[in-house]
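Read through the structure below, which is laid out as structure tokens, and then see the notes.
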Amino acid sequence: MDGLRWLLLVFGVLVVVGVYFYSRRQEEKQSEDASLERREPTLLGDDGYGEELQAEPVAVEELDESDESDESDEPEAEVSGDTPQKIVTLRIVARGTAAFPGDELILSLRGIGMRHGKFGIFHRIDGEDDDRTIFSAASLVEPGSFDLANIREQEIPGISLFLVIPGPIDGVEAFDMMMEAARTLAQSLDADLLDESGSTLSIQRERYMREEIVQFEHSHMVA
């Protein structure tokens, strides 16, 4: 029964990660399409913008040069659907047969700077832009989201912390931030810190995970 329960919990987290992963690709594709539309001269509207450009030909040249500069300087600024991505996962689980009181868990997540957002899960954001997610936290209770309206009545056996590479910051830096957050949560909640397979996270395993990130970035993200 324990094995089946863990299998179901892991499946729920994978669903959340999959939705998150799919949404990122859709947003990036929409952003890329919008950028192409803005560079298409035949899409000028009837709001007088076209007449203004004709009256001031110098402004047209400046706009064209700016667009060409952006395209040449950052040809891969947006991640396309073909760009390889890597998901790194940790688990924080209550010890024994215990579970975290929902409100206590939420306070701990907020205490390390995470906030509730997309998909009903928590995110650590780079700056103030909600689209710049460094890493996220999902519940191990299916479907992985947190119901804040009824959180005081909930008991949650554990959470999954995960990050997607490439992200808004360097992959190793993001991993180190997630590790620091995981250790803080494990200590404040008196919980166990595990790797993605459910084994106790050792120093050797942590080093190996970091090295995997370095190798991934060197293999797939070096121009």
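The values are calculated or read from the model by the stated rules, or taken from the named source; none is laboratory data. Since the model is a prediction, treat every value here as computed from it, not as a measurement. No Cβ is skipped: glycine too gets one built from the backbone with ideal geometry, and neighbour counts run over all protein chains shown.
Data table
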{"item": "Residue, surrounded by the fewest Cβ atoms within 10 Å (Cβ to Cβ), within the range 113-162, restricted to residues that are over 21 Å from ALA98 (Cβ atoms) and aliphatic (A, V, I, L, M)", "result": "ALA149"}
{"item": "Lone unmet requirement of (1) of a type in the set (Gly, Ala, Ser); (2) at pLDDT 95 or above; (3) touching a helix residue (DSSP H, G or I) at 6+ places or on another chain (Cβ under 8 Å) for GLY198", "result": "(2)"}
{"item": "Total residues in the range 118-138, condition touching a residue at least 60 places away in the same chain (Cβ under 8 Å) and not in a helix (DSSP H, G or I)", "result": "4"}
{"item": "Pairs where the first residue, in the range 191-213, is touching a residue at least 60 places away in the same chain (Cβ under 8 Å) and the second is surrounded by 10 or more Cβ atoms within 10 Å (Cβ to Cβ) and of a type in the set (S, T, N, Q), C-beta under 6 Å, 6+ apart", "result": "GLU196/THR89"}
{"item": "Pick from the range 160-201, criterion β-branched (Val, Ile, Thr) and assigned to a helix (DSSP H, G or I), ranking: nearest to PRO143 (Cα to Cα)", "result": "THR184"}
{"item": "Selection count where residues are β-branched (Val, Ile, Thr) and outside any helix (DSSP H, G or I), scope the range 139-152", "result": "1"}
{"item": "Of all residues making up the range 96-117, the number that are more than 13 Å from LEU185 (Cα to Cα), outside any strand (DSSP E or B) and in contact with a strand residue (DSSP E or B) (Cβ under 9 Å, 6 or more places away or on another chain)", "result": "4"}
